[in-house]
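Each value in this text was obtained by applying a stated rule to the coordinates, not by laboratory testing. Quick caveat, the model's predicted, so the values are computed rather than measured. Note: ideal-geometry Cβ built from the backbone for every residue, glycine included; neighbour counts use all protein chains shown.
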Amino acid sequence: MSDPVDSRSSLSDAPTPEPASGHKLTRRGFFAGLGMTGAASVLAACSSADDSAASAGNAGADSGASIRKIDFDGPHQAGIQEDSQTHALVVAFDLKRDGLPSGGLKQNLTRLMRIWTGDARSMTQGKTALADLEHELTVAPQNLTITVGWGPKLIEEVGLLGDAPSWVKKNLDGLPKFKGDKLNDDFGAADVVLQICGDDLTAVSHAARVLTRGGRDYATPKWTQRGFVDSPTGETPRNLLGFKDGTAIPRKEEEYNEFIWDDQGGSAMVVRRIVFDMPAWEQLDRKSREVVFGRHVDTGAPIGGNDEFDPVDLNKAGDDGLPLIDERSHVGITAGEGTHIRRRAYNWDNEVTPLGNSGLIFICFQNDPDKAFTPLQKRLAEKDRLNKWITHVGSAVFWVLPGTQHGAYWGQKILEG
Ligand code: HEM
């Protein structure tokens, strides 16, 4: 097999030497394949692209008005703790294995992480990714974040189970199956995931394309989930059943340290694809819908309360002596767990059909799914009133690697030991 390090070398006919640092040589290989005139003009175009992107980024940092960036580097990856952006594109990939010598998979994973980290670092900061000729699509990242995770099976296959948190080896075959699950492998386990979020859908889509193209020698896309949440008024966004979704989440640093980040600064990402039965849901009147959730539709307050952020009191009774919040309501079951997982759910919809075709991409982060998502979902699957109108059709879990610092690539410490 030809050396796949230079994933973009097929742009060039020139043989590509083994790079010490993937990015620089790749760019050289790319130019080497063009005739002198072509090389010169592309070089000019690329450097002006880089310059204008960089200056646009700086201008954004100065004016702060139109260009919005979220830091890429830090102890934790971006795309978890920050407020949810408007759009999400979650893409799962499987690594190519055909014809690889022993040890080749780990080597390719390393190459993929190097390429992706460089490109993700650039694009999230408003700079052009390597060999990207569409630099206009990256100058305004608008809070673009790109978060990577590895699937448990891949971690085992590349011999890194001992370096990963202990939940990984207990979930090699994915999360346990729950009552009512109708799982479809189309949205199931995969080797690697990219969660790409941002407030500009074009930038999000472009980032997905750049990364898919950049990694094409090593990884093939397996599934894609597109989601949106919008809050023009600045309030907590609503899901497509009409309720504010994202009220009770961790907001304090201590909560993130205790429940969301693992010892290395990583996290566990659960992705559940959920389908709504809209015609059946629409048979319910508003009051019944509130009983199902345990919250008011308009304010998002717990039933009996006035404000969205009023504490949920499951013991509070109405005039009839019965609890105001039904114990089998969604919040009746989940209350108190809100700060233990960072929910980052996105709405999805597909073609419009008479039956409706929509639901929720339930994404949550926690340091140990065996302590957070799994026991909670077990309870929900057993008794949540909401189950009558929802079906879980996809399930995947990934170890989100610790953040990068000082120019490192994703997973460097783990891969290099
Ligand atoms: C279609 C599926 C789901 C919908 C539509 C949904 C919707 C909601 C809504 C509207 C709330 C109340 C507002 C808020 O705090 O954000 C809520 C709360 C919550 N949900 Fe869900 N949810 C779904 C699935 C899940 C799943 C699968 C889990 C975890 C296994 C979960 C865990 C929670 C938790 C922990 C809370 C916060 C409870 C609290 O502390 O008050 N939800 N959800």
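Observations on the structure shown:
- Stretching N257 away from D163 to a fully extended chain increases their span by 31.9 nm, per 0.36 nm per residue minus the current alpha-carbon distance.
- Close amide-amide hydrogen proximity is noted between G403 and H76, Q77, each under 5 Å apart and 5 or more residues distant or on a separate chain (H modeled in the peptide plane; Pro and chain starts excluded).
- Projected label distance in nm at H406 and F309, using a 7 Å step from Cα toward the beta-carbon: 3.8 nm
- From phi via Karplus (6.51, -1.76, 1.60), per-residue ³J(HN,Hα) for region 395-406 in Hz, x at Gly/Pro: 8, 8, 9, 9, 8, 7, 5, x, x, 10, 9, 6
- Fully extended contour minus Cα-Cα distance, from S102 to N350, at 0.36 nm per residue: 85.1 nm
- Ordering of 330-341, 228-239, 372-383 by burial proxy (mean other Cβ atoms within 10 Å per residue, highest first): 330-341, 372-383, 228-239
- Gyration tensor (alpha-carbon) shape descriptor, region 226-369, a/c threshold 1.5: oblate
- Lys, Arg +1 and Asp, Glu -1 on Cβ, resulting dipole of region 205-336 about Cα centre, debye, nearest 20: 1000 debye
- Pairs from the list K177/K371; K106/K170; K182/K287; K316/K371 with a Cα-Cα gap above 19 Å: K106/K170; K182/K287; K316/K371.
- Across region 310-415, Cα pairs under 8 Å and at least six residues apart give a relative contact order of 20 percent.
- Region 241-302 shape via C-alpha gyration tensor axes, a/c threshold 1.5: oblate
- Region 80-172 shape via C-alpha gyration tensor axes, a/c threshold 1.5: oblate
- Sequence ranges 216-227, 296-307, 275-286, 143-154, ranked by mean other-Cβ count within 10 angstrom, highest first: 143-154, 216-227, 296-307, 275-286
- In order along region 180-191, phi translates into HN-Hα couplings of x, 4, 10, 6, 10, 4, 4, 10, x, 4, 8, 6 Hz, rounded to whole numbers, per the Karplus curve 6.51 cos²θ - 1.76 cosθ + 1.60 with θ = phi - 60° and x for Gly and Pro.
- Distant-in-sequence amide H partners of R343 (H built 1.01 Å from N, under 5 Å): F365
- The slack in the chain from K182 to T299, taken as 0.36 nm per residue of separation less the alpha-carbon distance, amounts to 38.8 nm.
- Calculated from backbone phi, Karplus (6.51, -1.76, 1.60) coupling profile of region 259-275 in Hz, x at Gly/Pro: 10, 9, 8, 8, 4, 8, x, x, 7, 10, 9, 9, 10, 10, 8, 10, 9
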